Amino acid sequence: FSAEANLYYMKYKNQLILTGKISEIGEALTTNIPDSYRAGVELTAGWKIANWISWNGNVALSNNKILNFIEQDVDMYDADWNWIASKNDSLGTTDIAYSPNVIANSIFTFHLNRFEIGLFSTYVGKQYFDNTSNNDRAIDAYFVNNLSFKYALPLNKIRGIDFQVLVNNVLNHQYESNAYTW
């Protein structure tokens, strides 16, 4: 059995982060944020249950915040959708885009001679796809399972060759992992 913990706090001045917007050609846009931080704990554990099965897991719990966030150039329209003006909205402390507060992974590995089967499970908590912390601009939490099948072919002059097949989302769970706003 093994376990590890990591605590961190990172305070940023002019952190370059995603805005949740894309350019006319589909590139993700970024901006510098004057005052932000990331703080959290990362926990990792592993256990060799028997010679033929092992488990490894990790979880990251974090707060990723922008302090005194001002949303720039918010377009305003009248009732007929005619553009009126742009304004800036002061939103206070908000979550950093694409920074979920929880990410967890679990890996069960089954060893059978040169064969290995892995069950990979991943949980990603709710996250916002822009920096406003608006629930209408959020990606729901999701949980997905993947399977891995691996065979190690030993060779005389080199260590060997590994053949691997990965089956993603074996339970066919529908989820979003990305989004954007205009």
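Things worth noting here:
- The relative contact order of the chain comes to 17 percent, based on Cα pairs under 8 Å that sit 6 or more residues apart.
- At full extension, LYS126 and ALA3 could sit 41.7 nm farther apart than now, given 0.36 nm per residue minus the alpha carbon distance.
- Quarter of the Cα convex hull surface for the stretch 87-182, i.e. its orientation-mean projected area (nm²): 9.5
- Distance between the modelled labels on GLU24 and TRP47, one decimal in nanometres: 5.7 nm (7 Å Cα→Cβ projection).
- Each of TYR12, TRP47, PRO100 was scored by the projection of its Cα onto the charge dipole of the chain, and the greatest displacement toward the positive side belongs to TRP47; charges sit on the C-beta of Lys, Arg, Asp and Glu.
- Mean silhouette area of the stretch 29-130, derived from the convex hull of its C-alpha atoms and averaged over all directions, reads 10.4 nm².
- Cα-based Rg of the chain normalised by 2.2 N^0.38 Å, two decimals: 1.39
- Rounded to the nearest 20 debye, the dipole magnitude of the chain is 1240 debye, with +1 charges on Lys and Arg beta carbons, -1 on Asp and Glu beta carbons, and the Cα centre as origin.
- Contour excess over end-to-end distance, with Cα ends at ILE161 and ASN32 and 0.36 nm allotted per residue: 41.9 nm
- The chain: most fluctuating residue of GLN15, GLN127, GLN164 per GNM, C-alpha cutoff 10 Å: GLN164
- Number of Lys-Lys pairs in the chain with C-alpha atoms under 19 Å apart and a separation of 8 or more places or on different chains: 7.
- A Förster distance of 41 Å, applied to the separation of the beta-carbon atoms of ASN145 and MET76, puts the FRET efficiency at 0.35.
- The Cβ shell under 15 Å around ASN68 holds other residues with a net charge of -1, Lys and Arg each +1, Asp and Glu each -1.
- The loop-placed GluC sites (Glu not before Pro) in the stretch 1-30, going by DSSP, that have at most 11 neighbouring Cβ atoms within 10 Å of their Cβ come out as GLU24, GLU27.
A short reminder: the numbers here are calculations on the coordinates, not readings from a lab. No experiment lies behind these values; they were computed from the predicted model shown. Positions of Cβ are backbone-derived with ideal geometry, glycine not excepted, and every protein chain shown enters the neighbour counts.
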